[in-house]
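Peer 1: My structure is below; once you've seen it, I'll send some questions.
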Amino acid sequence: MKKIESLRFSVLVVCLLHFTAPCIGQDESVGAPMVRAEQEALYNTIQDFVGKWWNGSDLYPDPCGWTPIQGVSCDLYDGFWYVTDLSIGPVHDNSLTCSQDVDFSPNLFALRHLKSLSFFNCFVTPRRRAVSIPAGDWEVLAGTLESLEFRSNPGLTGTVPQIFGGLRNLRSLVITENGLMGQLPESIGNLVELRRLNLAGNSFAGRVPGSIGGLSRLLILDMSGNALSGTLPATLGGLTALLKLDLRDNRIEGEIPSEIRNLENLTLLDLSDNRLSGGLGESIQELRSLQELVLSNNPIGGDIMSIGWQDLNCVTALDLANTSLTGGIPESLTHLKSLRFLGLNDNKLTGDIPSNIATLPNASAIYLHGNNLTGELSFPELFYRRMGRRFGAWGNPSLCYQAELESPTYAPFGVKPCRPRVIKYEIGLDPSPNFDENRSHHPASSVPCLEFKVFSVRGLLLLVEAFLVLA
């Protein structure tokens, strides 16, 4: 009987340990509470953006636990759950979608542990009252916020708040494809921890802030698709860690600053569709890590031969189309064995096309049309077959191709065939007294060659008159 009671007691102890105590190694976050004020701030924030119909307390009673909310992530601080990531907008099928009369919620700034905040396609409906980014309260997130994004919000207008410069821990600032305008604040240069700055696709105007040069840890700088003007600041040379610089489709003018040579790690430089001038500049050839160089549609001018292209041996894409370049196509371009795209079209280039250009092993598109190139194309037919219309040589009036092709189908588009060479003969015996012993013993070959030369009409009359006098 005692044995049975002892066994019952042991079973009871095991059951209690199983249901009331965490297992060895179990995550301490299981069952962790969420501060009531934090939970209410989360519910109110989402409701302000999504709509009053959204009832978080009923739908998601444990938002950081067993009833997670799409777009919300949490972390533990001192044994309590706090919201660290908040993403508003239709990123996924069950994401939080903004209401039509959405506005910024002041409850947002009660989430004091936010590390990442994102708004995607949220402010889209035209409104009587413009929606702008609030200019205040961001300082409460200065110690925690590392990523801030506003993507595809055409209804978001106004300017970038000066206070953004106080977000000292920010590593990624993405403000793309919105309705924002005005000048960029100089305070943006205070974000010394930034790794990515993407401001593409807005209507920002004015100069590129010179303070940006102080962002020595920046890896990606994209300000494309705006209305930026003025000259490029020399301080860009301070972005020594930069991998990508994209300023295409603006109104930037003047020369490419020579300080750009300091960007030794740069792999992409895109300054296309601007108003740059003053030549390419020798500093370009010092960017030995470049893989893509795109300067098309600028009145840059200057001689393309001034650059030692062989130094850029990592380049895979070189687009210098419509840049008013002069001179001939450099032979050094044929040393770029990694090159896949070459765009030299619509310039003022002259001279012959280097024959070695057909030997570039990885080239899939070569555009040379719209220049003043001359000479004969003597590339093998296999080259024309492989390239098709991705080899562009049309629009060069003095350029022709040798017509020794098996099929005219593979002839370079828009290029005329070269005319057959006219052989000129001169009447008379070969004046050379030497007899070639290597000639064939065919009877015709033992006779001295008769040479003919084409004369003008006057010369022919003089020749006939001479024959008559001799006769």
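The values are calculated or read from the model by the stated rules, or taken from the named source; none is laboratory data. Values in this document were obtained by computation on a predicted structure and should not be read as measured data. Note: ideal-geometry Cβ built from the backbone for every residue, glycine included; neighbour counts use all protein chains shown. Side chains included, ligands, DNA and RNA excluded: accessible areas come from the protein's heavy atoms. Shrake-Rupley method; radii C 1.70, N 1.55, O 1.52, S 1.80 Å.
Peer 1: Just check region 49-168 against the gyration tensor rule for me: Cα atoms, a ≥ b ≥ c as the square roots of the eigenvalues, rounded for a/c under 1.5, and otherwise prolate or oblate depending on whether a/b exceeds b/c.
Peer 2: Here region 49-168 falls in the oblate category.
Peer 1: Please report the accessible area of TRP394 (heavy atoms, 1.4 Å probe, ligands and nucleic acids excluded) in Å², nearest 10.
Peer 2: Probe radius 1.4 Å; accessible area of TRP394 about 80 Å².
Peer 1: Right, here's the next one. Just the number, please: Stokes-Einstein D of region 41-110 in µm²/s, Kirkwood Rh from C-alpha pairs, 10 °C, 1.306 mPa s.
Peer 2: This corresponds to a translational diffusion coefficient of 126 µm²/s.
Peer 1: Between rounded, prolate and oblate, where does region 241-312 land on the alpha carbon gyration tensor, with a ≥ b ≥ c its root eigenvalues, rounded for a/c under 1.5, else prolate if a/b exceeds b/c?
Peer 2: Judged from the Cα gyration tensor, region 241-312 comes out oblate (a/c at least 1.5, b/c at or above a/b).
Peer 1: Also: When the C-alpha atoms of region 205-333 are aligned to their principal axes, what extent does each axis show, in angstrom, from largest down?
Peer 2: Reported extents, whole Å, longest axis first: 40, 26, 20.
Peer 1: How charged is the neighbourhood of GLY238? Take every other residue with its Cβ under 12 Å from the Cβ of GLY238, and add Lys/Arg as +1 and Asp/Glu as -1.
Peer 2: Within the 12 Å Cβ shell, the charges total 0.
Peer 1: Accessible surface of CYS74 in the full protein assembly, 1.4 angstrom probe, to the nearest 10 Å²?
Peer 2: Estimated to the nearest 10 Å², CYS74 gives 20 Å².
Peer 1: For every other residue with a beta carbon closer than 9 angstrom to the beta carbon of LEU117, add +1 if it is Lys or Arg and -1 if Asp or Glu, then tell me the sum.
Peer 2: -1
Peer 1: So what is the relative contact order of region 84-211, in percent, for Cα pairs below 8 Å that sit 6 or more residues apart?
Peer 2: Here the relative contact order equals 20 percent.
Peer 1: Give, rounded to the nearest 20 debye, the magnitude of the charge dipole that region 208-275 has about its Cα centre when Lys and Arg contribute +1 at Cβ and Asp and Glu contribute -1 at Cβ. List each step's numbers first, then the result.
Peer 2: Numbers: 6 positive and 9 negative charges, 27 e Å.
Taking the Cα centre of region 208-275 as origin, the dipole is about 120 debye.
Peer 1: How long are the semi-axes of the equivalent ellipsoid of region 97-219, defined as square roots of 5 times the Cα gyration tensor eigenvalues? Whole Å, largest first.
Peer 2: Working through the eigenvalues yields semi-axes of 23, 18, 12 Å.
Peer 1: Separate question: Taking the full set of protein chains and a 1.4 angstrom probe, give the accessible area of SER283 in square angstrom, rounded to the nearest 10.
Peer 2: Near enough 10 Å² of accessible area.
Peer 1: Give, as a single signed number, the net charge of other residues whose beta carbon lies under 12 Å from the beta carbon of ARG168, with Lys and Arg counted +1 and Asp and Glu -1.
Peer 2: Counting the neighbours of ARG168, the net charge comes to -2.
Peer 1: How do the peptides 340-350, 202-212 rank, highest first, by the average count of neighbouring beta carbon atoms within 10 Å per residue?
Peer 2: Working: 340-350: 20.7, 202-212: 18.3.
Highest to lowest by the protection proxy: 340-350, 202-212.
Peer 1: So, one more: Counting heavy atoms of the protein chains only and a 1.4 Å probe, report the per residue accessible area for region 306-391 as a whole number of Å².
Peer 2: With all protein chains present, region 306-391 gives 40 Å² per residue.
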